[in-house]
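Presented below is the structure to which this report refers.
The values are calculated or read from the model by the stated rules, or taken from the named source; none is laboratory data. These numbers were taken from a predicted model, which means no experiment stands behind them. Using ideal geometry, Cβ is built from the backbone for each residue, glycine included, and neighbour counts are taken over all protein chains shown.
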Amino acid sequence: MNMAEHIIDINHLVKRFGDNIILNDLSLSVSKGEVVVLIGPSGCGKSTLLRCLNGLEPIQGGTVMLHGEPVEHGKASLYNIRQKIGMVFQSYDLFPHMTVLKNITLSPLKVQNRSREEVTENAMALLKRVGLEDKANSYPSELSGGQKQRVAIVRSLIMNPDIMLLDEITAALDPEMVHEVLNVVLGLANSGTTMMIVTHEMAFAEAVADRVVFLDGGVIVEEGAPKEFFHDPKTERAQRFLKTFTYSR
Amino acid sequence: MDWSFIQKFAPMYVEAAVLTVTIGVIGILLAVVIGLVCALVKYYRIPVARQIVAVYIELSRNTPLIVQLFFLYFGLPKAGILLSSEACGIIGLAFLGGSYMAESFLSGLRSVGKVQLESAESLGLRRGQVMRYIVIPQAASVSVPALAANVIFLLKETSVFSAVSLADLMYVAKDLIGMYYNTGEALTMLVAAYLVIILPISIVFSVLERRMRRAGN
Amino acid sequence: MQGIEVLFMGNNMLRLLDGLWVTLRLSLISIGLSLVIGVVVGAVMLVKNPVVKAICRVYIEIVRIMPQLVWLFIIFFGITKLTGINLNGEMAAVIMLTIWGASEVGDLVRAAFTAIPKHQFESGLSLGLTRVQLYTYVIFPQAIRGLVPDIINLSTRMIKTTALVSLIGVTEVLKVGKQIIDANRFDYPNAALWVYAAIFLMYFLICFPLSLLSRKLTKKRGE
């Protein structure tokens, strides 16, 4: 039915830490322009999955392909592949010794060897898009958590990645800053950016996702359109998980 | 205070101070090189070399310099390795200092968090680039004050060189006390000489450190 | 390369160990005195009075700027000259080590107390603890936990520094080693290699376990 070009293909992925099986024979594909949201209880392997996609973790079985090219931990080819995968982490991971602009332009200049004028112009345009054009020359320590995460998103976007991986990017933020960051992500989704998102914000997940994937115990338990998943989950495990987000006395 | 005595023997102190500083500087430079290599071996967890470095660091840190020097100067010749006093001073200081420098470099390198490395890697930066643009600039602000403290510590340690018959400041002072009993003058010149060597360095380092701390924020 | 037998000839090993005990005894006495005086110095530095603080700071910095061997010479030769009192080498060694050790302990004590976050005092008081209870149950235990690894570390430094006292004629392990080497000059010309290797090892066997202990406690402290 969906003949769109696949960006990511995960086939029978197995990830273990020692004897602990984190991801068990997991297969999943992401098409161009699609936004896939991964949810599940903590420890279900969703963050590990993102890290495997970016080659930050060695895998013990199966394959991860980006545009048909294997992503392999520790291989030289990884450097080229990583430029096409943007990743934003939970903790503020800006480089503290560089200004916002330097943070953003470092890798287009050093990795992609683009010209300084073009990169700077591009960076300023992106900063404007996330509402931080006046912070270009600030240091990370002068920014709020929400501002830092928006800069981190821009730092990945400027590489023109084929896919963005967002790993619980609002989990360490104060509640009032969550919104500004998620709005940026919604904007990206609307402009057709391919994304894989791990989040605990259920309302956001429903709004941004094209497809929701529910992971538990290292396997995909249920996946489907957000509306169906959130309002009419098929599996008992998903029902139980979603119940933990509602309160009643 | 007998000024004529001071005048007469001051040149001896100058000469000795030059010797102390020369050997000190060479030894410290070698210590920095050894320390950097050891720190990188430990940081990148290079097999085998890592275990050797660990043993070296423990041996170096848990024995006094004077015993190290005695072994080099009096012991090794019996195994056919003859070293001059100067060579012993340099090797001893480098052997002792290398481990201290290694720990200072390493604590700097390790102060750069894992997330920093991962986000640099996921931006496509290569290992060398991660080192150069991300790790070293951040590690420096932790390492430099510790390295500076080591330099001062090692300069002070040079005072035991006289034990292996190096004609350094202590040697001259002890000689003069033994020969002329002008203890007050001999000791005053000794203190003055060490102050001239250590005080400026110590002041420069503390100014440097304060400036770096400010830049780090 | 032979000649290692010299270590086990007659009572040579016993003599070396005797010498080592002289070293350790001097270290232990100095460490003990340093702790007592250092705690007082540290406590005085926590006082808000800027003049008192400055005096302590100056004491610590003056001690720190000079090599310990220079201090040893000043005390051993200088005091004798100045006062006419004939200090023996062991006393000079203990005085030097204590003046130095106390300054370091003082600085550590001060640092350990200033490192305790303010909210520890506040939450202790807000639980209704009296001042005395606050210090007994909350503040002292934390400060001591922070101090112990550093004190052990300082002790290894002091033990290593005690090796210097052979240079003012104290008959400790290095001096005994030299006597053994001299006495066996003809029978065992290689004695120096083994004797100094043995002394090297002795220092290592004393200091290494202490370093390990200090590291373990530092980790436990959560750094």
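Quick notes on this one:
- Unique match (being farther than 30 Å from C:Gln142 by Cβ, in contact with an Asp or Glu (Cβ under 6 Å, 6 or more places away or on another chain) and either at pLDDT 90 or above or surrounded by fewer than 16 Cβ atoms within 10 Å (Cβ to Cβ) (or both)) among C:Thr23, C:Thr83: C:Thr23
- Enumeration of residues in segment A:44-54 that are farther than 13 Å from A:Glu168 by Cα and more than 14 Å from every other protein chain (Cβ to nearest Cβ): A:Cys44
- Test: residue in segment A:117-132 that is of a type in the set (A, V, I, L, M, F, W, C), within 8 Å of another protein chain (Cβ to nearest Cβ) and in a loop (DSSP other than H, G, I, E, B): no
- Some residue of segment B:43-54 being surrounded by 17 or more Cβ atoms within 10 Å (Cβ to Cβ) and more than 10 Å from chain C (Cβ to nearest Cβ): yes
- Screening B:Gly184 on (1) surrounded by fewer than 19 Cβ atoms within 10 Å (Cβ to Cβ); (2) within 11 Å of chain C (Cβ to nearest Cβ); (3) under 23 Å from B:Glu58 (Cα atoms) shows it passes everything except condition (3).
- Meets criteria (within 8 Å of chain B (Cβ to nearest Cβ), within 22 Å of the chain's Cα centre (by Cα) and surrounded by 20 or more Cβ atoms within 10 Å (Cβ to Cβ)) for C:Leu164: yes
- Residue list for segment B:178-205, filter: within 15 Å of B:Leu155 (Cβ to Cβ) and touching a residue at least 24 places away in the same chain (Cβ under 8 Å): B:Leu190, B:Ala193, B:Tyr194, B:Val196, B:Ile197, B:Ile198, B:Ile201, B:Ser202, B:Phe205
- Verdict on A:Glu57 being among the acidic types (Asp, Glu) and away from chain B (no Cβ under 12 Å): no
- Counted residues, segment A:125-160 - those being surrounded by fewer than 16 Cβ atoms within 10 Å (Cβ to Cβ), of a type in the set (A, V, I, L, M) and within 19 Å of B:Leu123 (Cα to Cα): 0
- Of the criteria (1) within 23 Å of B:Ala102 (Cα to Cα); (2) free of Cβ contacts under 8 Å to residues at least 60 places away in the same chain; (3) among the hydrophobic types (A, V, I, L, M, F, W, C); (4) within 9 Å of chain C (Cβ to nearest Cβ), which one B:Leu155 fails: (2)
- The number of residues in segment B:109-133 being crowded, with 18+ Cβ neighbours inside 10 Å and in contact (Cβ under 8 Å) with a residue 60 or more places away in the chain comes to 1.
- Pairs, first more than 14 Å from C:Arg221 (Cα to Cα) in segment C:140-156, second in a helix (DSSP H, G or I) and acidic (Asp, Glu), C-beta under 7 Å, six or more apart: C:Leu154/C:Glu104
- Whichever residue in segment B:129-152 is of a type in the set (S, T, N, Q) and either touching a Cys at 6+ places or on another chain (Cβ under 9 Å) or more than 7 Å from every other protein chain (Cβ to nearest Cβ) (or both) and, among such residues, is farthest from B:Ala31 (Cα to Cα): B:Ser141
- Candidates B:Ala10, B:Ala31, filtered to the one that is part of a helix (DSSP H, G or I), touching a residue at least 24 places away in the same chain (Cβ under 8 Å) and surrounded by fewer than 16 Cβ atoms within 10 Å (Cβ to Cβ): B:Ala10
- The helices (runs of 4 or more DSSP H) falling completely within segment C:69-148 that include 1 or more residues that are within 27 Å of B:Glu157 (Cα to Cα) map to C:79-83, C:89-114.
- Count - residues of segment A:161-177 that are within 22 Å of A:Glu133 (Cβ to Cβ) and either part of a helix (DSSP H, G or I) or free of Cβ contacts under 8 Å to residues at least 24 places away in the same chain (or both): 2
- Failed item, numbered, when A:Val185 is tested on (1) of a type outside the set (D, E, K, R); (2) surrounded by 16 or more Cβ atoms within 10 Å (Cβ to Cβ); (3) more than 26 Å from A:Asn20 (Cβ to Cβ); (4) touching a residue at least 60 places away in the same chain (Cβ under 8 Å): (4)
- Evaluation of B:Arg126 against the conditions (1) facing another protein chain (nearest Cβ under 7 Å); (2) of a type outside the set (Phe, Trp, Tyr); (3) out of contact with any Phe, Trp or Tyr (no Cβ under 7 Å at 6 or more places or on another chain); (4) farther than 25 Å from C:Ala163 by Cα shows that the sole unmet condition is (3).
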